[in-house]
1. Among ILE25, ILE20, which is the only one that is within 22 Å of CYS202 (Cα to Cα), among the β-branched types (Val, Ile, Thr) and either in contact with a Ser or Thr (Cβ under 6 Å, 6 or more places away or on another chain) or without any contact (Cβ under 8 Å) to a residue 40 or more places away in the chain (or both)?
2. Only one of these is touching a residue at least 24 places away in the same chain (Cβ under 8 Å), part of a loop (DSSP other than H, G, I, E, B) and within 20 Å of the chain's Cα centre (by Cα): LEU155, LEU134, LEU125. Name it.
3. Is it the case that LEU209 is crowded, with 19+ Cβ neighbours inside 10 Å and in contact (Cβ under 8 Å) with a residue 40 or more places away in the chain?
4. Considering the range 230-267 alone, what residues qualify as being among the small types (Gly, Ala, Ser) and part of a helix (DSSP H, G or I)?
5. Those residues that are under 11 Å from THR126 (Cβ atoms) and charged (D, E, K, R), I need them from the range 230-263; list them, please.
6. Have a look at LEU279, LEU260 and point out the one that is surrounded by 20 or more Cβ atoms within 10 Å (Cβ to Cβ), free of Cβ contacts under 8 Å to residues at least 40 places away in the same chain and touching a strand residue (DSSP E or B) at 6+ places or on another chain (Cβ under 9 Å).
7. Do you know which residues across the range 173-185 are assigned to a helix (DSSP H, G or I) and surrounded by fewer than 22 Cβ atoms within 10 Å (Cβ to Cβ)?
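What follows is calculated from the coordinates using simple rules that are stated; it is not laboratory data. On a predicted model such as this, the values are computed, not experimentally measured, just so you know. All Cβ positions, glycine included, derive from the backbone under ideal geometry; neighbour counts span all protein chains shown.
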Amino acid sequence: MNHAELDVHRRTVTLPQGEIAYADIGDGPPVLFVHGVFLHAALWRNVIEAIGPGRRCVAVDLPAHGRTKVRPDQSLTVAAQAELLVGLCDALGLDQVDLVGNDTGGAVCQVLAATHPDRVRSLALTNCDCHTNLPPERFRPAVELAKTGELAPTLEQLAADPALARSDFGIGVGFQHPDQLSDDDLRSYGACVATPEAARECERFVASLDAADLLAIEPALRSFDRPTLIVWGTDDVFFEVSWAHWLRDVIPGAREVVELEGAKLFFPDERGPELASHLQRFWSRVEAGAIA
């Protein structure tokens, strides 16, 4: 599925918590996909395509990403983002979802699962922030720049320079094969930070990242007993595999860690069909009652 094909399914709704854009594809048991920093709903397009009919796939654009704009006074903490997603579920009539997160989106999913466990049928986490690893050490300099208002110009530069965007200084660091990122990919993802206004909004998002949000919900996460799958790329420079096993040991509903050899942070984009196969197997077991 290319970006234009996904865009046909994009919608935007204004909630009490703020605006949120999302792609809504298919019918059946609902799945809520949550991306991370500097990307948007298109991260999941190849997963959604591989899942095929039989699921209602809702992939959000987090605040200051994709088509989701933010109010000047809007909180962008991980906790606030989780509440925004609950508001979206209410607006779409989704009482319970299969929740899937990556990167910062995985942190948002943990907060949502811990604070609203009744809204989550199952949880699937891919490489993401957890415990005190928010932000991860490799990303901490970007957060410090954001807090001093110095990150936005760099983000604009990355959006304007495809070679730089494909490098380890750009989103290329999260891809196993950054040379295969098309100009269309870079144009779509780069739109998040292509203007001074958008870059400033994204900068504020980055500056809001704080491990305190995850530490606050950790006691509740340790009681989250809904079926949980953890799928982790082994070559990620931000989130080592040890964090996947930490999550498995902390979340009572977690039974399995699937390691994808060679995969990096944004593998849901590059290896969508592979992730989809693990999700479908997991959901089938949930539906059959094989995972309590």
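1. Working: ILE25 fails: within 22 Å of CYS202 (Cα to Cα).
From the options ILE25, ILE20, the qualifying one is ILE20.
2. LEU134
3. yes
4. Of the range 230-267, the ones among the small types (Gly, Ala, Ser) are 233, 242, 244, 253-254, 262-263.
Across the range 230-267, the qualifying residues are SER242, ALA244.
5. Across the range 230-263, the qualifying residue is only ASP236.
6. After applying the criteria, what remains is LEU260.
7. Residues satisfying the conditions are VAL173, PRO178, ASP179, GLN180, ASP183, ASP184, ASP185.
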